Amino acid sequence: MFRYQPRVLVPGAQNTVGTMFWHGSLAALLFLVGGCSQTPYLQVDQQYQSANRNDRVRFVVIHYTAGNWQHSLDILTKPNKRPVSSHYLIPQSGDKTYPADQALKVYQLVPEQQRAWHAGGSQWEDRSGLNDHSIGIELVNESWCGQRPNRLQQQAELCVAADFDPAQLQLLLGLLKDILARNTDITPTRVLGHSDIVPLRKQDPGIRFPWQWLAANGVGAWYDAAVMQRYWQQLPALPEIKTVQRALKLYGYGIQVTGEHDVQSRAFLLAFQRHFVPEQLTGEPDLKTIAVLWALLEKYFPKALQQESSLQLLPPSASSLPSVSITPL
C-alpha cells in the first residue's frame, strides 16, 4: 500500500519537487503570455463596399423648449421622471439665466451617433419612432400651449407664441447646413417640426418659426407662390377629405386614410398649417391650405403626384394656363 510521506522543505536545501513545480508553472505562464503577444492583429479588408445602404440619419426635428436657458438645460441634461434630451441646444439673446460672460453658441448635448430622446411616439413617411432616425435640435424659446384644468367641456388650447431671436436663428441655419452636408439623405421635406411628426400632442416649434426664411436660405421645404396661386385660382372644387388625407400622407405625414374628417384629420391639417399656412389655423381643408399642399406635392413629389389619379385636381389644360397675381384672402 502506498503510504503518503510528507516532505519537509528545508530552507537552503535542494527542494527538487518544489523547484520542478515552480519552473513548470513559470514556463506555462510564459507560454500563455508569449502566445497572446504573438496573436496576429485582426485585419479587416474594406475594398469591397456595397451600394445597398443609406444613412441612419434621415430627418432633422426642430423643437422649442418652452422655457428659459437654465430650465431648458436642466430638463435636457439631468435625470428626471420623464427624461428627455436633444442633440443640440441653442440659447437666445436676452435670456437672464444664460451666462453673461458667454457668447451665444450651439451646445451639443448628445453625440449625433447616439439616440437623443426628443421625438417620442412619432412618424414621418414610412418611419416611426424617429429617435432612431433623426437629429433633434432644441431652441430656447418661451412659447407654450396649455389647457384649463378641470374644464367642463372640450376647449381649444391657449397658446402664447414668442418671436425667435435673429442671432439664434443664424446659429440654427449654420448648424443645419453643416448637418445636411454630412447627411445627404435629409432632403428638404425631412427638415421637420415636432408638430409635424407628433401632431396630436405637440405644437412646437410653433407658428412664429420662420420656415419660409429657412427654405429661402437653402434648408427645408417651401412652396412656389405661382404654383400655389394656380391651384387657388383654378381649383374647380375642394377635394374630398379622403383625397386630402392621401395628399398629406404622400407628403410624409403619418395620417390614416379613413375618409372621415375626424380628430386625427384636424390635427394633421393643423400641423400642416402651422408649418406652411400659419395665418390660417383652422384644421379645415380650406382653399388656401389645399392650394399650398398641392403646390408642395408638385414641387417635391411630381412623379408620385402624376401617378396617383385621385390626386389630379386640375383639368389637364389648367397646368398650362398663366397664373394671375392675386393675393388670396
Rounded to the nearest 20 Debye, what is the dipole magnitude of segment 223-323 about its Cα centre when Lys and Arg each give +1 and Asp and Glu each give -1 at the C-beta?
200
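Quick one: 93, 85, 265, fewest Cβ neighbours within 10 Å first, how do they rank? Don't jump to the answer; show the numbers that get you there.
On the way: 93 11, 85 19, 265 23.
Fewest to most other Cβ atoms nearby, the residues stand as 93, 85, 265.
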Grab the other residues whose beta carbon is less than 12 angstrom from that of residue 278, score K and R as +1, D and E as -1, and report the net.
+2
3J(HN,Hα) from dihedral phi, segment 122-132, Karplus parametrisation 6.51/-1.76/1.60, rounded to Hz, x for glycine, proline
9, 7, 8, 6, 9, 10, 10, x, 5, 4, 6
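Enter the per residue convex hull volume of segment 173-221, computed from alpha-carbon coordinates, in Å³ rounded to the nearest integer. Each step should come with its number before you reach the end.
Values: hull volume 3.8 nm³, N = 49.
It is 77 Å³ per residue.
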Charge-dipole axis of segment 223-323 as Lys and Arg at +1 and Asp and Glu at -1 on Cβ define it, positive-most pick from 306, 241, 280:
306
Amide H of residue 193 versus every other amide H placed in the peptide plane: which residues, excluding those fewer than 5 positions away on the same chain, fall under 5 Å?
62
With θ set to phi - 60°, apply the Karplus curve 6.51 cos²θ - 1.76 cosθ + 1.60 along segment 305-314 and write out the HN-Hα couplings as whole Hz, x wherever there is a Gly or Pro.
5, 5, 7, 9, 4, 5, 9, 7, 8, 9
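Do the alpha carbons of any pairs in 242/288; 177/202; 81/202; 96/202 sit beyond 22 Å of each other, and which pairs?
Details: 242/288 18 Å; 177/202 25 Å; 81/202 19 Å; 96/202 27 Å.
Long pairs (Cα-Cα over 22 Å): 177/202; 96/202.
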Using the Karplus curve 6.51 cos²θ - 1.76 cosθ + 1.60 with θ = phi - 60°, what ³J(HN,Hα) values do you get for each residue of segment 105-116, in whole Hz, with x for Gly and Pro?
7, 7, 10, 9, 9, 9, x, 4, 6, 10, 7, 9
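Each value in this text was obtained by applying a stated rule to the coordinates, not by laboratory testing. The shown structure was predicted, so the numbers you read here are calculated from the model rather than taken from an experiment. No Cβ is skipped: glycine too gets one built from the backbone with ideal geometry, and neighbour counts run over all protein chains shown.
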